[in-house]
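Here the structure comes first, spelled out in structure tokens, and everything after it is commentary.
The values are calculated or read from the model by the stated rules, or taken from the named source; none is laboratory data. No experiment lies behind these values; they were computed from the predicted model shown. Cβ: placed from backbone, ideal geometry, glycine included. Neighbour counts: every protein chain shown.
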Amino acid sequence: MKIFTSFLAVFFALSTPSFAEEAEQAYMKSMEKMSVDMKKGMDPDATKAWTKMMIAHHQGAIEMSLTVLKETKDPMIREMAEKGIKEQSKEQAMLKEWIAKHGG
């Protein structure tokens, strides 16, 4: 029974992705979504295109910051990620407001 229990413990440890693998998958998902959403922002008007693409770009940065905050203990990185979320969210709101006023 001890051997079987040990086997199960090792099996589950090996079959459960590490946070590094989870983070990598989350980063890839964020970047892929950001890329798709930025392409959707293309517009004949350069100003509108930039605004729409930056909304998607900021969302990607927010998602990546949330991912690193799940794992990092580094105070500088935590501070930068938290600051980034706050600033990117504020700018996103400003950009969305601009789009609403100018048609998008």
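Tally time: how many residues in region 43-78 are touching a helix residue (DSSP H, G or I) at 6+ places or on another chain (Cβ under 7 Å) and of a type in the set (D, E)?
Of the residues in that region, 3 qualify.
Please identify the pairs in which a residue from region 22-48 that is within 13 Å of E63 (Cβ to Cβ) has its Cβ atom under 7 Å from the Cβ atom of a residue that is exposed (fewer than 15 other Cβ atoms within 10 Å of the Cβ), counting only partners at least 6 apart or on another chain.
A23/E71
Can you pull out the residues in region 70-104 that are of a type in the set (D, E) and part of a helix (DSSP H, G or I)?
Within region 70-104, E79, E82, E87, E91, E97 qualify.
Going by the structure shown, is T67 closer than 15 Å to A23 by Cβ and either assigned to a helix (DSSP H, G or I) or of a type in the set (G, A, S) (or both)?
yes
Going residue by residue through region 29-41, is there one that turns out to be outside any helix (DSSP H, G or I) and modelled with pLDDT of 90 or more?
The answer is yes; a qualifying residue exists.
Can you give me the number of residues within region 62-104 that are surrounded by fewer than 16 Cβ atoms within 10 Å (Cβ to Cβ), more than 23 Å from K40 (Cα to Cα) and of a type in the set (S, T, N, Q)?
Matching residues across region 62-104 total 1.
Quick check on this structure: which one of E79, E97 is without any contact (Cβ under 8 Å) to a residue 40 or more places away in the chain and more than 28 Å from E24 (Cβ to Cβ)?
E97
Being modelled with pLDDT of 95 or more, under 14 Å from the mean Cα position of the chain (by Cα) and of a type in the set (D, E, K, R) is the filter here, so list the residues in region 71-89 that pass it.
Those that are modelled with pLDDT of 95 or more, under 14 Å from the mean Cα position of the chain (by Cα) and of a type in the set (D, E, K, R): E82, K86.
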